[in-house]
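Structure first, then comments.
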Amino acid sequence: MHNSVLNDLKNLASKDLTNATAMPKELYSSNEILNLEEDLIFSKEWICVGRENEIPEVGDYFTFELGKQPLIVLRDKNKNIKVLSNICLHRMMKIVDGKGNKKNFTCPYHAWTYNLDGNLVKAKYMDKTECFEKNHLKLPELKTEIFLGWIYVTLNQNPESLSENLKSLQTMVTPYKMENYINIISEEHEWNTNWKILTENFMEGYHLPVAHQGTIGPYFNVMDTEFDSKGSYDFFTYQTFTKNEDAIVGTAHPSNKSLTGKWRHTSILPTIFPSHMFSLAPDHLWYLSLQPNGTDKVKIKFGAAIAPEVLEAQDNPEVFLEETKRILYEVQNEDRFVVEGICKGVNSPLGSPGPLSWLERENHEFTPVSYTHLTLPTNREV
């Protein structure tokens, strides 16, 4: 059945935007497609696990699951970011949960203990086991890249360079200095929708005046939406929104000297394939990193950060942060309502994809990229 769906996807990808529709609903509901996504996309591509300044000190860590692989994301003794398997080398017990700061990681099952490099440093009562060689045991380490403060990992042992693939995006967003933004939210959630539905929702501003009319919608003029004249890139796409001057959020602080002209109240919204997206404004950012958990559930890493000069200027930072978080959570709830409703639609017998607006250009650009990932065997071995 998936061959028929992929043929439909191929035909759709060949159309220009004026004749494009939403993707076939089976692309969201088929377990066969899900298996292809897990095998050809999420086990081989770069996946964002969070931001570098979530773990600023030596020994800081948080845990993350990439597909079925539990991970420890940590700051090692040399202050470098390291991502290790979170599975003990003894009886395959998960070693740690949550986040915090540790000098060593001790398995809660038999107390095998590993240092920040992943080396086994202690294992009691193994002196009579001839095949046990402590010095040869080390937790597997994943390939990791840092892109402007974002931590990316991959299960692929021979990946393409992330920074090279995102070079043109880096040029665009560098003046915002987002790597210096101060974290205020870092959470994990699960919603009842397909991961692509949430991705596509982020990629278009058509819904902003309607779905977000109670929060951020009034401050966006969708007619001012701009896209790159080049069209879709192989590894990312984006759009920009220039906000109204009376916007309550999304404009540069007077002390911000790196942004000029319209960029002082313009947001850039990149989607980095397959599933990392962020809304970068002069005063804040928020982001999503997604993974499928079935056809109708998505695992979400959700975070937000504030430009340091904005936070420093607050007379009452606690009140400011509380209000900022309130707005961001309301926006999230508005999006959740929409994407969970769409998921019910794609699983309904009478649901069918309709024509796209010019404001949904990125959605159509997602179509050929999806087709390429799902049909071309990669030459990058895992």
Can you list the residues, at least 5 places off or on another chain, whose amide H is less than 5 Å from the amide H of residue 226, using H built in the peptide plane?
240
Just need the relative contact order of the chain here, percent rounded to a whole number, with Cα pairs under 8 Å and 6+ apart.
22 percent
Specify the angular offset, from 0 to 90 degrees and rounded to the nearest 10, of the alpha carbon long axis of helix 361-375 from the longest principal axis of the alpha carbons in the chain.
40 degrees
Please list the non-local residues whose amide H lies under 5 Å from the amide H of residue 236, H modeled 1.01 Å from N, same-chain partners needing a gap of 5 or more.
273
At the level of C-alpha centres, the distance separating the range 138-197 and the range 1-71, in angstrom, is 14 Å
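May I ask you to sort 33, 41 by Cβ crowding, counting other Cβ atoms within 10 Å and putting the fewest first?
Ascending Cβ contact count within 10 Å gives the list 41, 33.
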Under a 5 Å amide H to amide H cut-off, with H placed in plane at 1.01 Å, what residues pair with residue 86 once short-range neighbours are removed?
71, 72
On each of the three principal axes of the Cα atoms of the range 159-219, give max minus min coordinate, whole Å, ordered largest first.
37, 28, 25
Exactly which trypsin sites (Lys or Arg not before Pro) in the range 136-235 are in a DSSP loop and have at most 11 other Cβ atoms within 10 Å?
230
Calculate, axis by axis, the spread of Cα positions in the chain along the three principal axes, and write the results as whole Å, longest axis first.
72, 60, 35
Those GluC sites (Glu not before Pro) in the range 226-335 that DSSP places in a loop and that have at most 14 other beta carbons within 10 Å
245
Anything over 21 Å Cα to Cα? Flag those among 167/297; 77/138; 79/138; 44/196; 167/196; 82/102, in the order listed.
167/297; 167/196
Ratio for the range 222-367, C-alpha Rg to 2.2 N^0.38 Å, reads 1.19
By the 4.7 Å beta carbon criterion, which cysteine residues of the chain come out unpaired?
48, 131, 343
Using only the Cα atoms of the range 48-147, each taken as one equal point scatterer with no solvent, compute I(q) by the Debye sum, divide by I(0), and report log10 of the ratio at q = 0.12, 0.23, 0.24 Å⁻¹.
-0.37, -1.24, -1.34
Descending Cα extents along the principal axes, the range 176-297, whole Å
46, 34, 31
Taking N as the residue count of the range 1-48, its alpha carbon Rg divided by 2.2 N^0.38 Å gives 1.30
Sorting 369, 83 on the 10 Å Cβ count, fewest up front, what's the list?
369, 83
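Every read-out reported here was derived from the displayed coordinates using simple, explicitly stated rules and does not represent laboratory data. This structure is a prediction, so every number in the text was calculated from the model and none was measured. Reconstructed Cβ throughout: ideal geometry from the backbone, glycine too, with neighbour counts over all protein chains shown.
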